[in-house]
Every structure is written in C-alpha cells, then in structure tokens.
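For reference, the structure discussed in these notes is given below.
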Amino acid sequence: MARTCEGPSAAGDPSRSGIDRANAYFNAAIAYNRLAASEAPNTLCRTKGACSQQALSLLDQSLTSQQDNQISLTGDAQQAAANKHFILRRTLARSRALQGIARSGVIDASCGAPSACLTDAAALLSAVTVDIPPADEAPETARLGCEVLDTRWRINSDLGREREYLYVEDLRRLVSSCPSFAASATDQLASIAFDRAERVKEALVSADPAPSVEASLGAITDYRDALRVDRFKLPANRGMGAIYQVLARRDPTGARTYLENAVAAYGDAATLSASAPAAERAADLENLGASLLALASVTGTPGSEARTAMAERAAATLQDAVDLSPTSARFVLLGEAYDKTGQCTLAIPAYNSALPGLAGTAKISAVLALSAAYDACGQPDLSLQALNQANAAGTVSAEVRYEIGRKEFDNGNFGAALRALQVAETGLNGAQAADANYMMSVAETITRPSGWQQSALTHAERAVSLNARTWKYNRQACLATILRAGRSVKDGSSLARCPDTGTPEADLLRGMYFLKQAQSMDVSAYNLASQTQWRSVLRAAETAFTRGQETLADAPEREKFVYFDDLQTDVDISARLTQGLTVIQRCNREITLGPQDPVWNDLNAFYGHYGVLKCS
C-alpha cells in the first residue's frame, strides 16, 4: 500500500488534483507509520526510524498538495465533517511520525533532535480539542477522538514527568470515554501512581530532607490508586506498609494509627504472597511481624492483656517467617517478640540463633538483648557470661563493656567493674555515661588504687554534670569531696558539692562536710581568731545535724534508711545524725570518747571511714 500510494499512479501522478495527491501522500504516510510501529521486518525501510522519517516526508508533501486552510469546513454537513476528520487524522499521523522518529533515537532527522521532534508532536496535538460523542451516535468521531487521546498522552509521557498532569488527564478520559482503551489506560494510570509512590518511599529512606508527612500520605493515596490493577496489589501493599512504618517512627503522636495501617497493609501483602517463593513470603511475614511488634509497644500498658496479645501475634507471625526462611534479622525480631510476651526461655534461643550471622551494631544489640533475656529468666551468671564471651570474641563496644561493668558492680566485684568501665567510658553518652562515672567513683572509693581520691572526685563530678537530678550521684560527689579534702574544703568553696535539698540525708552530708572543714583548718592555741573560726564551723556542723534530726521526724520511711553504695549497706540516718553531734561534743571536749568505749567501733565505721573523726 505504501508503494502504491506514493507511486507514479497515485501521489506521484502530476495529472491528479492536489486533493487526490494530498490523500495519496497521507495514505502512504499512514502505511509507513504502521510499518514503524510493527515488529515485523519489511523491505521498505532499513529501520523503524527510517519508516517514520519517510512518513513525515510524505505528510509534508500531502500538506504541500493541500494545506489545511485549503480544505472547506462549510457547506454540506457530511462533507464538512469528513474534511474535518481528514485534517485531524493528518495531524494525528504527523504527530505519530514525529514520535516514531524521536523514539528511534535518530539525531539528524528533518525535525531535529529527538526532544525537538517530540515537542513538535506534542504542540500539534495540544491545540486539538477532543470531543468524544457516544460511540453509537458517531462511532468514527469517537474512535478518532480516542486515538488522539491515546497518542497525545504517550507523546507527553515521552517528554517527561513534568507533563504528568497532562497525560494523566488524557488517560482518565480514555478510561471514562473509550471502552476499547480503558483497560490499558487504567493499567497505565496505576503504573504512574505506583511509580510516583515508590519515589516518595525511596526518598523517605535516602533524601535529606525527607519528604513531608503530607507528601508521604499522598504516596499512600497513589498506592491505593494502584490497587485497582491486580499486578500492583502486592507491591502497593508492601509500599504502603513501608511508608506507614516510617511515619510511625517520625510522628510518635500518630504512631498507633500508622502502625495499625501498616499491619493491615502487610497483612494483605502476606495474604497475596501466599503462593510466592518462600523467601519472598517470609519477607512479607517479617514486615507484618515487625509492625505488630511495634504496635504492641503502643498498645495498652506494659504487661496488659492487650499488649501481650499483640506481642503474641507478632511472635507467631515471626515464627512463621523464620520457619520459611531463617535469617539473623528475623531471629532478632523473634527474640524481641518473645521478650514482650514474657517468654524469656524462647527469646534466649532466638537471640543465640541470630548471633552467628550478625556483625557491627546489629550484633552488639543482639548480645545486649540476649544478656537481658538471661536476666529476665533469673540467670545473671549466664547474662554476664554472654557479655564477656562477646567481648572476648571481638564484639567490642562501649555498651557491652558498660553492661559488664554494671553487672560486676552489682555483684560486688569492684575491681573488675572499674576495669570494664574505664575502657567503656569514652564511648558512652547521656545516662550511661553518668552511671558509669558514678560506679567508677564508688569502685575507686572502695578499692582505693593509686590516686583514688582525686579520680573518685573527678568521676563523681562528671556524673553530676551529666545528670544532676539523680541524688545518689550528688551523694557520691559530696562524699568524694570530703574524702579528697584539700584547699577547697578548707576554705569551704566546695560546699556546693553537698547541696542543701532539705532532706535528713542532705543535712547529714553537709554536717560531715563541715566536720571535714573544721579538721582541715589551721588552729593555734595562740591565735584566738583561728579558734573562733574553727568553733563557728563546728556550730555549722551542729546546726546541720540538728536540722536533720528535726526534718527526720516527718520524713517518709525511704529517707530514714538510705543505701550507700560505697559502704554496701543501709545507713541509719537517725543514728548517724546523733553520732555527728557526738563527734562535735568530743571536739568541744564536752565528752571524752576513744577506742576503749563500746560505741567507738560503730562511730569509727562510718565517720572514721570518711575521715571526719579527728577534730583538727
């Protein structure tokens, strides 16, 4: 047909009218466009691009033979309609030829570079107003309108996503007005929506700044649009689940709702992948289990029936995932789920199964979780053993060493605790760093290595600087100051290390500080001023002890007996306040008291331990 229409008997016949030649060139161009679109080989064109270029050239000749403005659109209605259709069909054919050239990648085509050819094609059709009447009323007009929409969206799509709003509108019209195109247009709209959502999902992980919550929820809408097509149901549900999980982490106030939606999406994905390969289905079950596990954390209260039930669902789902395709990451999640259900005996083997395949921070986290599971099962020795084995095997981290130090400290092995914490300290932050410094200070006070007074004070001060709200840190800083003594105690400039909080214990500590200050002063029998100052400091100690006794009367029980870590025993605050007044009486020579007296040993065990029994 192409040869015939462009040959000497048709378009090439000079004796024919311009109208006839225009039609012949047009028909030949249509044939070449079909050859370009076909996958079958032909003898007329070396390449698809050559077919499209030939079609464009023939359309140029068709226009030369008869311009659009030379075609009458008035007079007989039927003829006018036919003429209008011819103009539109020729415009459509020209756009298809330009698109074919662009898609072939030819760079020396008559229309220019591929982008220029596409731009020309889009411009031709952008001016066309497409009216699609009911097919039973005007089938040819309806068919032609649908072809224009179909071609136009494809050209705009080839030009890039910046024209998405244009080609999406054409696709929607194809769905609503063109039954023969509706299925493919619906599929394409689903593909566009899915791809758009996928870009947001990927950006949530990699982009900085990440997409907003609004953009993320827009992606959820796109995924829901994609669900209309079967081939996107599984990946769209997976995508929604992933975005909901990210949103739950970014927006804790809405975490419960996001996680419920994540569970629903991953639940649908797990159902849809029932017949998928084991590894693929296991991944869906893993994501569902992880979402259930996160949802359990925001459901009910710790230990509540609702939270436990959710954790049990997570554990059952993750067990299915492990059974299908075991991985270290899945074993870790399974261990966490069993932890939340209170089944430490099942969590322990899960964590142990995970460890061989883990490295780096993931392995460290699993080791710490395993240690905690042993503790939950009442096996502290195995808990410490797991930490030491991991540390010895090269799973070296400040957190692991901190836990080793904390457990050794709790076990009363202060030398071992000090060694572990000294190595861990530089890698710790926040609450762990404060606690590590506190434990080191206490351990140094007990074991008393070389330079222990200054080191114990330094670590105690560091603990307070990191967390001044924890009272035992302040207590240790005060006691370490008293033990260190020195100029700052002698002149009273370090009194702030023993803060006045209005509790009986605080008064006891301040009284002890004043006793140490008095002991540190230079008192001369020949210097009345030095004696006067010394007595004033003793009076400050007496005031502190007396106020402590007065405060103790109305104090809660927890303030009457206080555990001192450095003494490893409860301290009877009332008894020690009374003994403090006794020390002052001794210093003022109101009483005589020495090692021969029955009360001396108990007095020395406390006040002597902190070096505040001497009077000057």
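The values are calculated or read from the model by the stated rules, or taken from the named source; none is laboratory data. All values derive from a computational prediction rather than experimental measurement. Virtual Cβ from ideal backbone geometry, glycine too; neighbours counted across all protein chains shown. Accessible surface is based on the protein model in full, side chains and every heavy atom, while ligands, DNA and RNA are left aside. Shrake-Rupley method; radii C 1.70, N 1.55, O 1.52, S 1.80 Å.
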Cα gyration tensor shape of segment 1-128, rounded if a/c is under 1.5, else prolate or oblate by comparing a/b with b/c: oblate
Spatial separation of Cα centroids for segment 419-465 and segment 481-510, in angstrom: 19 Å
Crossing angle, helix 380-392 versus the chain [Cα axis fit, 0-90 degrees, rounded to tens]: 60 degrees
Percent RCO, i.e. relative contact order, over segment 494-615, from Cα pairs under 8 Å lying at least 6 residues apart: 27 percent
Extension gain, residue 306 back to residue 522 (0.36 nm per residue minus Cα-Cα distance, nm): 70.9 nm
Inter-label distance, nm, simple model (7 Å from Cα along the C-beta direction), residue 89/residue 280: 4.6 nm
Cα gyration tensor, segment 180-325 - rounded (a/c under 1.5), prolate or oblate: oblate
Förster radius 30 Å - calculated FRET efficiency between residue 470 and residue 554 (Cβ-Cβ, nearest 0.05): 0.80
Computed label-point distance, nm, for sites residue 600 and residue 217 using a 7 Å Cα→Cβ extension: 7.9 nm
Rounded, prolate or oblate (a/c below 1.5 giving rounded, otherwise prolate when a/b exceeds b/c) for segment 278-414 by Cα gyration tensor: oblate
Segment 388-446 - charge dipole about Cα centre, Lys and Arg +1 at Cβ, Asp and Glu -1, debye rounded to 20: 120 debye
Probe 1.4 Å, protein heavy atoms only - accessible area per residue of the chain in square angstrom: 48 Å²
Point-to-point label distance, residue 207-residue 74, nm (Cα→Cβ direction, 7 Å offset): 5.5 nm
Ellipticity estimate at 222 nm from DSSP helix runs (n ≥ 4, -39,500 (n - 2.57)) divided over the chain, nearest 500: -23000 deg cm²/dmol
Share of carbon and sulfur in the accessible heavy-atom surface of segment 180-325 [1.4 Å probe, %]: 53 percent
Selection from 588, 571, 612, by position along the positive dipole direction of segment 494-615 (Cβ): 588
Rg to Rh quotient for the chain, alpha carbon positions, Kirkwood Rh: 1.31
Cα centroid of segment 353-399 to Cα centroid of segment 297-352, whole Å: 18 Å
Rounded to the nearest 20 debye, dipole of the chain from Cβ charges on Lys, Arg, Asp, Glu: 1120 debye
Positive dipole terminus of segment 107-223, leading residue within 141, 110, 178 (C-beta point charges): 178
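Given a Förster distance of 60 Å, report the FRET efficiency between residue 488 and residue 107 from their Cβ-Cβ distance, rounded to the nearest 0.05.
0.10
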When the convex hull of its Cα atoms is projected in every direction, mean area for segment 494-544 (nm²): 3.4 nm²
Two-site FRET efficiency, residue 375 against residue 585, from Cβ-Cβ distance with R₀ of 45 Å, rounded to 0.05: 0.40
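Could you work out how much longer the chain between residue 20 and residue 536 gets when fully extended? Use 0.36 nm per residue separation minus the Cα distance between them, nm to one decimal.
On the way: separation 516, 0.36 × 516 = 185.76 nm, distance 12.56 nm.
Result for the pair: 173.2 nm of gain on full extension.
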Positive dipole terminus of the chain, leading residue within 277, 151, 80 (C-beta point charges): 151
